[in-house]
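Structure record follows, encoded as structure tokens.
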Amino acid sequence: MRENNVQKTLIHCSGGTPAQYGLVDLGVPRWGYQFGVMVPSADYATGVYQHIMTFENRLPSRKFAFFRNTGNAFTDFTCGESIARAKSFGFVVEDSEIFEFTTATAGWESTLLAGVQALKASGTDMLMGCTWLDDGIALQKAIVAERLNLIANIILIAPTTGRWLVEFPRDENGNSDGDYVLAPSQWHHTQNFTDFSSIGPTPSFFKEFKNATGTDPDYLLASCTTAGIILERAVSRVTWGNYTALDNSSLQCSCDVDLDEKIRLMVRDFEEETMYGRVRFDKFNQNVGHEAAVIQVQKGKDQTSVLPEDKAESRIQFPIPTWEERLACPPNCTDPNIFKIGVISPASGPGPNFDRGLQWWANKVNAAGGMRSLDGQMLKVELVFADTQMNSEVAANKAIEYYYTLTDNVQAMVNTFFVHNIAVNDAMAANEINKVLLHCSGGEPDQYGVVQNLQAKPRWSYAFGVMIPSSTYGAGVFNFLEKQLLNADTDPVLGSVVTSTNGKRIVFFRNVGNSFADYTCGEAISQAAAAGLDVNSTDVFEYNTSDNSYITKFGEWVREAKAKGIGMSMGCTWEQDGIELQRAIIAESWDLILNVILVAPATQAWLDAFPTDDQGRSDGDYVLCPSQWHHTQNFDDTSSVGDTDAFTREFQQEYSADPDYLLASCTAAGIIIENAMRSVNWLGSQSFDDNSFRIAVRDLRANTMYGGVRFDNINQNVGHDAAVIQVRPSDWPSISASPTIQTSVLPETNSARNIIFPAPKWEWRRGCPKEFPDNSDNFSCQAEIPDDLTIYFVIIICTAVPILAVVCLYVGRVSHNVLRKRRAKYIDHWVSLLEAALWDQDEEAVKKAETALRGYKSSWIWGKNPRIDTSELRREQSLQAGVSVAYLISDEFLDTALQATGMKDPTFHDLKQAFFMGERKVGAGKICPRDGRLGVSLIDTLPRQHRQKCTHFLSWSWAYTVRQVRSGLELWIERSGLDPSQTFLFMCFFVNNQHRIVVSGDATGSDDLDSIFEGNLCRIGKMVALLDTWQSPVYLTRIWTIFEQYVAVTRDIEVKIVLPRDAEANLFMTILKGAEGIALVKESLCTVDSASADAWSPQDKEAIQKKILASCGFDNINEHVRKVMINWIGDVVIGAMKRVVNGEDIAASANQWSGKFENNELPSRESTWTHML
């Protein structure tokens, strides 16, 4: 083509070396019109190397061996490049361990066997076979025959083929000698790439191809499919028109840029996701848009993609198990799948509390079927307890005993009491006990690590601390304070304090007799100084509770600090001394904008020491207390325990008490074990790999109900920040008769409430006198400011002048306005016709109205016509459109839902998966009138009769089933007398553009909460609240629905609450039980906790919580919703009594509706499913 100057774009499906595509020395392509789809094989092993090197410091060696088929151009080139890259990554490649062969020479199989034997002798445990098909299989057979233990086994080509599975079949236990082998490749059908062409993403391409042919598409076939995708997308960017053909006599283009050149340029500059991966061409026109795939042969999946991780189906199994481990105990052997944990804990004191937390996890994980290991085994958990008798020496001996007497039975150990930490760690290190040990309780860094050669190292590499370092306790408070000080000029209270003489000084009360308090205080002093506070040695008051005079000294020190005008304090205390410090502060009425006290404010003793009075005030309020964790926080957790909210709620139901941070840390220890086992093969207790388990714990990155987990270089958890608890009235800022609570306030992202800062002054807290009324702006008392008449005089003058000017202007334009009004009348007429045509989707009427409106042009005389932008009208109508109730209760929609999901009664979460997350996304190919991008809201796919301006706002949950929604709406329409075909609902599932929220994630339902959500609700003016049931309804657990109820009440919006028929019938039957039934209903429907309510989107949850906290607070919202529910219950009771008085048999109604929706068959006829697509 180059020699003949053939100027047509040429795409090569298959691969090749850079020299095949480019003139390497010159750095240019061989021919500007040719392009290669496949990525360069030179980078085949790069992904594997990168993954292995994440284990850099824990690799037994860095030696890599290579088997190089020099008789095959592809394998020879790839091997040379892979060797060079291995060396660049820091691997050791010795010339004696590069075994070259060619299959054209007899005896090549012996070369492979001899090479494997040499590696077994040298101890090299990583190899790459640069092979084709027969030689790749022969290499693996040699490895199997010699039982060569490798941590990484890479073989090209053969493991990706069907022949590999034939040559290495699986036994009755599902195991194969061909497992764990890695095979770099161009692409694999188990990867997941997006694609906006006609082909669609990788999963849909694979599924459709498999259904059509019965075979899996390979990378060769897929590369040619991609060639077509590249041309499709490139041509879509070329304006198609009349082009002059080439003048064959001169081989010159008769136009400036012809079609061929435009296509070439579009291909050259192509950069887009395809089902084959991202495509981008380098200087040689070779695709370098994505990394090579890495396939691994795994039990249960055969060939599956493992790298790159973000596009792969499975997690890579590395290091691979030894042959001894693979053959030791198959899954069905007699070795039971029981994971035993030795618990070193005192049977008295704090021990039982710790034990309860660990037992809670064990019960949960066992109830869920056990822990899942990397190789798919489900392991039951058994806890074996050893009483330390509160003695560290006994604890150390128990650790040794577990290892030497129970080593075959215990796979991990947990130590609960921090007093035993050092003794247990040192005993394990001295005896080289290689069992993972998790410490539930905290401690200073020297309890976990030691300094050797100026580097911090763990006391024992198998020991890990669950709690975060107490050295971080003050960091959260002082980081927050540092940000506040930067904005002090905008806060009158804070500004007046920090600008005073000693405004930035802080005092510390340091209990030097308590190692925890003493150490934490030293760290906090440094953190306060780093935050910009003035920390003087004279402001650090040291004491020891063994000296009974410390209480008297508290009083003296407080008076001294108050006299200096210092407004910030931190008490590095324990329990009783913390309470005594607060009493000294109270006695002197020391006004503090920041009052931090360790330990005590988080205890029940604090609430008992400072009870709430009848006005809702407590002298213990507004104190901050850093802590490990608090049950009012909310952390996600995918383990068997669930997130913080679920853990706390279930624990409270079980024990009628709140879980404390000590108990929760032991629960977290179990969760860490559960998460780590997902990366470790079980292989039976006899062959359990303690080191692999240690590595899994060491490298763990997990979200737990206790917060993030990540271990530092001394194996102490640094995965999350310390919690900061504040003691405060529960109904702040309205504190009348409000009980005092302890609640999390920092970090802000996962705390229950916002921090109250600066703390109110004592005069306000104790009630302002009449002559100094309450100033709610800054929570202080101040005299009223007399009126200043001067300002009124200025206002009158400034107002009068513009009024006179307006009057003059009005007189001058009266006649002109008459003409403008007549003109505006005609414009409004045609605009209303245009709007109606758009609603009716009548494009002919739209064009007619547009033509008429063009005659009314804007000018400086007549002004601008702002209402003739059709695209803007389409956008507005799309935002205002609602779905008809007639459609929602129709068989048409029911059939659509059942066909799309294949379920008999799907929830709307199921519909989300079918409509927006599947292979054929509803509305994906249509242009959205709101933003001009591909992908429309569901409402914009419906025909005109089902899509009109909203008449009602539906408050509901996606957790409802289709039949629940259908039944509830049918009952509402029946009772209200409304025409379902003329009733249109603002229903978020249909109205919001889920392509932005669910698919791409670049928007949330809470975006512009005020203008969009509240604006829609207020514009529509009527709300229908659909509850799924009256018994612990989902409705009252979702933050959206609770907030919708609150907004409706506060904006005086009409609300109608409805239930599905069977739920209503059950409600009536319960009410007919009398006072007992009504009380039961009231208890269920009045349990509202907006602070712990959830949302599908974390962003939505955070945005609504911020909105709630900024407006009235969670407790006020809870009370509003409770009142709504109580009023509704009252109406239902009255309605039930009327129906009974009228002779209706409610019991018969209940029986009529029970089981109505059971055993329905899935529809077989066509529905709107195809139309919507």
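The numbers here are math on the coordinates, done by the rules we state, and not lab data. A quick note: this is a predicted structure, and the numbers were derived from the prediction, not measured. Cβ sites come from the backbone with ideal geometry, for glycine too, and all protein chains shown count toward neighbours.
Numbers at a glance
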item: Loop GluC sites (Glu not before Pro), segment 1-98, which have at most 12 other Cβ atoms in a 10 Å radius of their Cβ (DSSP); result: 3, 94
item: Hits among lysines - C-alpha to C-alpha of residue 1106 under 24 Å, sequence gap 8 or more where chains match; result: 483, 1123
item: Formal net charge of residues neighbouring residue 911 (Cβ-Cβ distance under 14 Å; K, R +1; D, E -1); result: +3
item: Spacing of the two label points (7 Å from each Cα toward its C-beta) at residue 94 and residue 1126, in nm; result: 8.4
item: Local electrostatic count at residue 135 - Lys and Arg +1, Asp and Glu -1, tallied over other residues with Cβ under 11 Å; result: 0
item: Under-5 Å amide H pairs with residue 567, H placed in peptide plane, nonlocal only; result: 505
item: Estimated vicinal HN-Hα couplings, Hz - segment 1043-1051 in sequence order (Karplus 6.51, -1.76, 1.60; Gly, Pro = x); result: 5, 4, 4, 5, 4, 4, 5, 5, 9
item: Part-to-part distance (alpha-carbon centres) for segment 511-587 and segment 660-719, which is given in Å; result: 37
item: Residue exposure sequence - 218, 619 - by fewest surrounding Cβ within 10 Å; result: 218, 619
item: Cα-based shape type of segment 41-185, given that a ≥ b ≥ c are square roots of the gyration tensor eigenvalues and the cut on a/c is 1.5; result: rounded
item: Centre separation in Å (Cα based) which lies between segment 26-87 and segment 157-224; result: 21
item: Karplus-derived 3J(HN,Hα), 6.51/-1.76/1.60, for each residue of segment 222-237, Hz, glycine and proline x; result: 5, 5, 6, 4, 5, 4, x, 4, 4, 5, 4, 6, 5, 5, 5, 9
item: Under-5 Å amide H pairs with residue 274, H placed in peptide plane, nonlocal only; result: 279
item: Fully extended contour minus Cα-Cα distance, from residue 840 to residue 904, at 0.36 nm per residue; result: 19.7 nm
item: Cα gyration tensor shape for segment 871-949, rounded if a/c is under 1.5, else prolate or oblate; result: oblate
item: Packing-based exposure ordering (other Cβ within 10 Å, fewest first) of 210, 912, 483; result: 483, 210, 912
item: Electrostatic dipole magnitude of segment 41-185 [Cβ: Lys, Arg +1; Asp, Glu -1; Cα centre; debye, to 20]; result: 300
item: Sequence-distant residues sharing a close amide H with residue 11 (under 5 Å, placed H); result: 35
item: Loop trypsin sites (Lys or Arg not before Pro), segment 82-142 (other Cβ atoms within 10 Å of the site Cβ: 16 or fewer; DSSP); result: none
item: Karplus (6.51, -1.76, 1.60) ³J(HN,Hα), θ = phi - 60°, over segment 1061-1066, in Hz, Gly and Pro reported as x; result: 4, 5, 5, 5, 4, 5
item: Percent antiparallel among DSSP beta bridges (both partners in segment 1-115, rounded to 5); result: 20
item: Segment 889-979: GluC sites (Glu not before Pro) in DSSP coil with no more than 16 other Cβ atoms inside 10 Å; result: 919
item: Filter on 380/435; 141/311; 1056/1101; 926/949 - keep pairs with C-alpha separation over 23 Å; result: 141/311; 1056/1101
item: Packing-based ranking, highest mean first, of 464-477, 65-78, 373-386, 165-178 given that Cβ atoms within 10 Å are counted; result: 464-477, 65-78, 373-386, 165-178
item: Residues 656, 549, sorted so that the one with the fewest Cβ neighbours within 10 Å comes first; result: 656, 549
